[in-house]
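Single-structure report; data block below.
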Amino acid sequence: MSQKTPITVAYGDGIGPEIMSATLRVLEAAGAQLDIETIEIGEKVYLSGNTAGITDASWESLMRTKVFLKAPITTPFGGGYKSLNVTARKTLGLFANVRPCVSYSPYVFTRFPQMDVVIIRENEEDLYAGIEHRQTRQVYQCLKLITEPGSEKIIRYAFEYARNNRRKKVTCLIKDNIMKLTDGVFHRIFDRIAEEYPDIQADSMIIDIGTARLADTPEMFDVIVTENLYGDIISDVAAQISGSVGIGGSSNIGDKCAMFEAIHGSAPTIAGQDIANPSGLLLSSVMMLVHINQPKVASKIQNAWLRTLEEGIHTADIFKEGMSKQRVGTQGFADAVIARLGQLPEKMQPVQFAENVNRIDPTKWQLMYSTEKKQLMGVDIFLDWNDGHADKLGEMLEKITVDGLKLIVISNRGVKVYPNALPGIFCTDHWRCRFEATDRTAGISHQTVLDQLSRIQAIGLDFIKTEHLYYFDDERGYSLAQGQ
Ligand code: NAD
């Protein structure tokens, strides 16, 4: 084998240290060529006053090795502690979360013995950009950001993953019947990229029916690609029904760095008792070996692990009378896997990972940036107002509308309340007032927006935000208000 690959390892909290030492023993016995740097993250670091849970020296190691095998950590409650996982994803640019959800029936209980789904979740965008505001006394907002380059990266990654791993189908889950612009662009890019992969079947589904089908008939799915929030939810649904929550592994992949961890947490109540199942971290380390191009060792470990499972050597969490033969602890399970290195499973399908898969080749990103002409056509001005009926607000605004703009509609929580609203609509203190250009060919300037805001300020109204209404070539870049 060639030279050793440097990796950064964190033992984490709770059951972290014991499952990590079990995992590293298996890796070493299997002949993984690793040069391990250990860092401290998690509870101790948080409680020492570092709200990020990780020191600068640890970042330095991660930036250098670019490969992170991480045990679960405990995030203390309160105190402004930031989620280390979110920070690591953002700082290391880990845009893809990959979570295989596989049934190991009958050795691990599941009602879906044929399930073999990989969820590929976009990791950096969507509602997780963390841009939230309280805008009025009654109304809170979280911004959903979907970008063209971000969508292209994750979707292309999903198709490349499918091709490299001999998968047949990629399904895109979206909600573009409602979110026509954000989920619409994700869906459009999916359709366009799918054309470049004629060997892979592509289909798409609305997220709600997609989740229902996943929970009911997971065998119909192969690879799923989706946005951050949907992916967060469905990857837990998929792991749960596959029976593999306690044994699932995951990877977080970026252009330069990658992080590998079990999907479970630090399980503090069973820590230090040698009863935790190390399989989730072990299978994550198998994903890591494939990533750093040591596929033979990866296959050797996973096959020995499958063999151990089918021989009925089980930790307490999956032990079942009648099916299991021997109850082992964390280290005993690792010993059993080590003793079977070089053996293949007899009942389950052996794995054979290929060379050079799952490596990101940034030259493949085309990252198309749109070049359409962008023209300002109006502005949505949001007001915090709690002084009567919508008609009163409409009449006040009609009187001060500047030349070049027309008040088109006022809505409250997305429902039209002016002009000519249906009676009895419940209103909050958060009003969206849409002004559009009277001359659609000329559009408006930023000065027009400023003038309108000045007049609103002059009559004492509290404007809390603006959203500009753009056209991109001849396409409207904003949704119509309900009833508009
Ligand atoms: P958990 O996953 O730690 O535990 C859920 C249940 O599963 C518990 O009953 C636990 O005993 C069991 N369990 C988990 N892993 C197991 C294993 N390997 N073997 C046997 N049983 C196992 O989730 P939780 O209790 O919600 O969270 C505990 C702590 O973990 C919290 O501080 C949370 O913030 C943290 N957490 C960390 C990560 C991470 O670092 N990636 C992820 C999730 C939760």
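The values are calculated or read from the model by the stated rules, or taken from the named source; none is laboratory data. It should be emphasised that the depicted structure is a prediction, and the values quoted were computed from it without experimental measurement. A quick note on method: Cβ atoms are made from the backbone with ideal geometry, for glycine too, and the neighbour counts reach across all protein chains shown.
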### Message
Quick check on segment 55-65. Is at least one of its residues away from the ligand (no atom under 13 Å from the Cβ), within 24 Å of GLY130 (Cα to Cα), in contact with a Phe, Trp or Tyr (Cβ under 8 Å, 6 or more places away or on another chain) and in the same structural domain as VAL286 (by TED's automatic domain parsing)?
### Response
yes
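Suppose the filter is under 28 Å from the mean Cα position of the chain (by Cα) and not acidic (Asp, Glu); does SER324 pass it?
Working: under 28 Å from the mean Cα position of the chain (by Cα): no; not acidic (Asp, Glu): yes.
Taking the combined requirement at face value, the residue does not satisfy it.
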### Task
Would you mind stating whether SER324 is within 17 Å of THR110 (Cα to Cα), surrounded by fewer than 22 Cβ atoms within 10 Å (Cβ to Cβ) and not assigned by TED's automatic domain parsing to the domain that holds MET115?
yes
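Among strands (runs of 3 or more DSSP E) lying entirely in segment 74-141, which contain 1 or more residues that are in contact (Cβ under 8 Å) with a residue 60 or more places away in the chain, in contact with a helix residue (DSSP H, G or I) (Cβ under 9 Å, 6 or more places away or on another chain) and within 16 Å of the ligand (Cβ to nearest atom)? Spell out the reasoning first.
Values: elements: 96-102, 116-122, 132-134.
Answer list for segment 74-141: 96-102, 116-122.
Filter segment 189-228 down to the residues that are of a type in the set (D, E, K, R) and touching a residue at least 12 places away in the same chain (Cβ under 8 Å), then identify the one that is farthest from THR110 (Cα to Cα).
GLU196
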### Task
Working carefully through the options GLN326, GLN302, GLN294, find the one that is in contact with a His (Cβ under 9 Å, 6 or more places away or on another chain) and polar (S, T, N, Q).
GLN326
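Considering GLY272, GLY248, GLY280, GLY265, which residue is within 11 Å of the ligand (Cβ to nearest atom) and surrounded by fewer than 20 Cβ atoms within 10 Å (Cβ to Cβ)?
Result of the check over GLY272, GLY248, GLY280, GLY265: GLY265.
One line per residue, one yes/no per condition, for (1) more than 22 Å from ARG166 (Cβ to Cβ); (2) assigned by TED's automatic domain parsing to the domain that holds GLY12; (3) within 16 Å of the ligand (Cβ to nearest atom); (4) modelled with pLDDT of 95 or more:
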position: ILE207; (1), (2), (3), (4): yes, no, no, yes
position: ALA212; (1), (2), (3), (4): yes, no, no, yes
position: SER284; (1), (2), (3), (4): no, yes, yes, yes
position: LEU289; (1), (2), (3), (4): no, yes, no, yes
### Failed criterion for LEU47 (all others in (1) within 15 Å of the ligand (Cβ to nearest atom); (2) among the hydrophobic types (A, V, I, L, M, F, W, C); (3) within 24 Å of the chain's Cα centre (by Cα) hold)
(3)
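Which residue, of GLU37, GLU43, GLU18, is at pLDDT 95 or above and over 30 Å from TYR157 (Cα atoms)?
Working: GLU37 fails: over 30 Å from TYR157 (Cα atoms); GLU43 fails: at pLDDT 95 or above.
On inspection, the qualifying residue turns out to be GLU18.
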### Message
Tell me which helices (runs of 4 or more DSSP H) are completely within segment 6-67 and hold 2 or more residues being of a type in the set (A, V, I, L, M, F, W, C) and within 18 Å of PRO295 (Cα to Cα), or say none if there are none.
### Response
16-30
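Quick one: would you say ALA71 is away from the ligand (no atom under 13 Å from the Cβ), small (Gly, Ala, Ser) and more than 30 Å from GLY322 (Cβ to Cβ)?
Values: away from the ligand (no atom under 13 Å from the Cβ): no; small (Gly, Ala, Ser): yes; more than 30 Å from GLY322 (Cβ to Cβ): yes.
For ALA71, the condition - away from the ligand (no atom under 13 Å from the Cβ), small (Gly, Ala, Ser) and more than 30 Å from GLY322 (Cβ to Cβ) - is not met.
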